[in-house]
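The values are calculated or read from the model by the stated rules, or taken from the named source; none is laboratory data. Predicted model, so just to flag it, every value in this text is computed and none were measured. Methodologically, a virtual Cβ is constructed for each residue, glycine included, from the backbone with ideal geometry; neighbour enumeration extends over all protein chains shown. Quick note on the areas: whole protein, heavy atoms, side chains included, nothing else; ligands and nucleic acids left out. Shrake-Rupley method; radii C 1.70, N 1.55, O 1.52, S 1.80 Å.
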Amino acid sequence: MRRLIAGEFHKLLATRLWLWLLLGSMAITALYTSLQIAFSDDPDTWTLPLSTADGQQTLFAAAASAASPLVAVLAAIGITAEYRHRTATTTFLATPHRGRVIAAKLITYGLVGIGYALACIAVVTAIAVPWLSAKNVDLSLAGNGLPATMAGGIAAVTLYALIGVGLGALLREQVATVVGLLIYLFVIEAILTNIPALDAWTRYLPGPADNALTGITLTNQQFLQPWQGGLVLTTYCVLIAAAGTYLANRRDVT
Amino acid sequence: MTDQDGRIVVSGLAKTFGTVKAVDGLTFTVEPGSITGFLGPNGAGKTTTLRMLLGLVRPDAGTATIGGRAYTDLPAPSDRVGAVLEATAFHPARTGRAHLRIYSTINGYPGTRADEVLELVGLSGAGRRAVRGYSLGMRQRLALATALLGDPKVLVLDEPANGLDPEGIAWMRRLLRDLAAQGRAVLVSSHVLSEVQQLVDHVVIINRGRCVRQGPLTALADLHGPVVSVRTPDPDRLQTALIRIGVDEDRITRTGDQLRVTGIQADDVGQLAFAEQIPVLWLAAEQSDLEQVFFALTTDNGQQPALTATTGA
Ligand SMILES: Nc1ncnc2c1ncn2[C@@H]1O[C@H](COP(=O)(O)OP(=O)(O)OP(=O)(O)O)[C@@H](O)[C@H]1O
Ligand SMILES: [Mg+2]
């Protein structure tokens, strides 16, 4: 398994996509963080004041919000590329037990997810610490529940990476998987969560569960408890990865 | 590894895609230590059979084993079996060397192995270029290099000469012959017999998913029998003499002063002409036309009972 994981890292690092998506995640993190701090005093904002624990947790959750979709895309591309470029044949010849291949990809992209999350948390920290101190807002990285937010953020990004792998194994079509993923996250989920009548249901969707896990508090939307969000997201992840592995094992590679 | 490790046994293999019976109760054996041609026209089921042999396609029925075990049950399969199934299965943005290093890593081979196989297939100069810039011939070589990473005793190659120019085909033949001479079993598919005729010792010929013939290549030639061409100023008399000694009339084709006779040795024709005192201007034993035999075997209405029998290897 160690060799398979090393091989997956080889595949990932052989092209630059991981770097562009990492830089993209960090840029989006910087954008979210800056916007939230800049508009923190705006009475119309949906976030709580940055002097509160909830406000600070929401600020640090920007890392996971930015990195999650892009890590899922990277993971989905990583697995669907095997089918698109037909390297699945070579890969499954080397490792006929396809479940092991998918396990190696899950571990690899899970680790990549942790890396992305850490890099994005570093971006939030680098922006928030000097800026808030200039605004005379007290910020202690060890207090206000921030360690839990960061841990939740790392877990959320990792789970998104695993969902990306599972979805890719399930669908195999690269363009369909990536476009479908992005449309779901940024269009379908955005619409559904904006229908107040569905509020009791939509909080169980992956996006809101991700928000719950990372400790986001918004004035216009209710989320589950962080642990509940983690449980919901883990459930999606296990179901999708299990279905993807089952089908990868059964389907013909022609 | 013993010789037994290389024997390929395909037994009752069947696969249907939708309504297409791609492989239909296929049975054959490939002995270790030889080059076997796996032949059949387009759509005969060659690729499907090889993919079932290698655990990529799930058969509807039957089994396929290499050295007594299913491919998926082989420990470290890449150490034993090298396979080329398609020439274009590469990530275009990776370099040839990166591709080989990835699969070296996965199989636990040393990092230097990639350079060794690049050298072996004559791609050393192109190893650091992205595969998207490779010609079809270079991709075929890279695919072969991938199969050779584990220095396997069994090679399974699906149409490895596809897209190669005559020089490339000659190169491929030399390489495969060298690899077989080192004691490897090679199973190589093709839809044209002439492409592998000078290479293979044995043939397995399939049509519509069924085995129509298997055995040594020489036996295939014997099916047709020897062919003799003879020119004489008196073809009528020679024809009559041939028929008198028992040659079937329809085995003699006459073009002007030339007779073409199948199923008889050149010596016998010469002896007969001498005995009958018929002058012979020119006498030649023709190379047996295997392509014609192959065509007869794989054309449905051209099938003769004698040709469809499957013999043991
Ligand atoms: N994935 C698939 N889905 C549907 N039909 C398929 C599939 N793969 C193969 N077939 C069909 O099965 C039959 C056998 O195909 P196969 O590719 O095994 O033949 P082949 O002998 O390799 O032919 P060729 O010389 O053209 O490569 C063909 O009729 C083909 O159309
Ligand atoms: Mg084929």
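One table, with the values for the structure above:
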{"item": "Selection status of A:ILE37, within 14 Å of another protein chain (Cβ to nearest Cβ), within 25 Å of A:ASN211 (Cβ to Cβ) and among the β-branched types (Val, Ile, Thr)", "result": "no"}
{"item": "Count of segment B:14-31 residues which are out of contact with any Phe, Trp or Tyr (no Cβ under 9 Å at 6 or more places or on another chain) and buried (at least 23 other Cβ atoms within 10 Å of the Cβ)", "result": "4"}
{"item": "Residue match in segment B:207-219 (condition: surrounded by fewer than 20 Cβ atoms within 10 Å (Cβ to Cβ) and more than 26 Å from B:MET52 (Cβ to Cβ))", "result": "yes"}
{"item": "Residue within segment A:160-179 that is of a type in the set (Asp, Glu), within 16 Å of ligand 1 (Cβ to nearest atom) and within 14 Å of chain B (Cβ to nearest Cβ) present", "result": "no"}
{"item": "Residue identified as open to solvent by less than 10 Å² (accessible area, probe 1.4 Å), more than 11 Å from the chain's Cα centre (by Cα) and more than 16 Å from ligand 2 (Cβ to nearest atom) among B:LEU155, B:LEU175", "result": "B:LEU155"}
{"item": "Per-region count, segment B:43-60, residues at the interface with chain A (Cβ under 8 Å from one of its Cβ atoms), more than 6 Å from ligand 1 (Cβ to nearest atom) and part of a helix (DSSP H, G or I)", "result": "1"}
{"item": "For B:ARG237: the one exception among (1) more than 27 Å from B:GLU86 (Cβ to Cβ); (2) loosely packed, with under 14 Cβ neighbours inside 10 Å; (3) of a type outside the set (S, T, N, Q)", "result": "(2)"}
{"item": "Filter result (farther than 15 Å from B:ARG7 by Cα and not in a loop (DSSP other than H, G, I, E, B)) within segment B:148-158", "result": "B:LEU148, B:LEU157, B:ASP158"}
{"item": "Matching residues, segment B:178-198, being away from ligand 2 (no atom under 16 Å from the Cβ), of a type outside the set (Lys, Arg) and in a loop (DSSP other than H, G, I, E, B)", "result": "B:GLN182, B:GLY183, B:GLN197, B:GLN198"}
{"item": "Single residue of segment B:61-84 satisfying the filter (touching a residue at least 24 places away in the same chain (Cβ under 8 Å), touching a Leu at 6+ places or on another chain (Cβ under 8 Å) and within 11 Å of another protein chain (Cβ to nearest Cβ)) that is farthest from B:GLY6 (Cα to Cα)", "result": "B:VAL84"}
{"item": "Meets criteria (buried (at least 22 other Cβ atoms within 10 Å of the Cβ), away from ligand 1 (no atom under 16 Å from the Cβ) and within 14 Å of another protein chain (Cβ to nearest Cβ)) for B:ALA114", "result": "yes"}
{"item": "Qualifying residue in segment A:144-166 (condition: open to solvent by 20 Å² or more (accessible area, probe 1.4 Å), over 29 Å from A:ALA38 (Cβ atoms) and outside any helix (DSSP H, G or I))", "result": "no"}
{"item": "A:ALA241 vs. criteria among the small types (Gly, Ala, Ser) and loosely packed, with under 14 Cβ neighbours inside 10 Å", "result": "no"}
{"item": "Search result, residues across segment A:157-179 that are free of Cβ contacts under 8 Å to residues at least 12 places away in the same chain and over 22 Å from A:ARG98 (Cβ atoms)", "result": "A:VAL175, A:VAL179"}
{"item": "Looking only at segment B:119-134, and only at residues there that are part of a loop (DSSP other than H, G, I, E, B) and open to solvent by 60 Å² or more (accessible area, probe 1.4 Å), the one that is modelled with the lowest pLDDT", "result": "B:ARG128"}
{"item": "Residue identified as within 16 Å of ligand 2 (Cβ to nearest atom), more than 11 Å from chain A (Cβ to nearest Cβ), in a loop (DSSP other than H, G, I, E, B) and among the small types (Gly, Ala, Ser) among B:ALA161, B:ALA87", "result": "B:ALA161"}
{"item": "Segment B:6-25 residues that are farther than 14 Å from B:GLY45 by Cβ, paired with ones that are open to solvent by 40 Å² or more (accessible area, probe 1.4 Å) and not in a strand (DSSP E or B) (beta carbon under 6 Å, 6 or more apart)", "result": "B:GLY6/B:LYS153"}
{"item": "Residue, most open to solvent (accessible area, probe 1.4 Å), within segment B:32-50, restricted to residues that are touching a His at 6+ places or on another chain (Cβ under 7 Å) and farther than 10 Å from B:VAL188 by Cα", "result": "B:ASN42"}
{"item": "Single condition A:PRO96 does not satisfy, out of (1) touching a helix residue (DSSP H, G or I) at 6+ places or on another chain (Cβ under 7 Å); (2) in contact (Cβ under 8 Å) with a residue 60 or more places away in the chain; (3) within 12 Å of chain B (Cβ to nearest Cβ); (4) over 18 Å from A:LEU167 (Cα atoms)", "result": "(2)"}
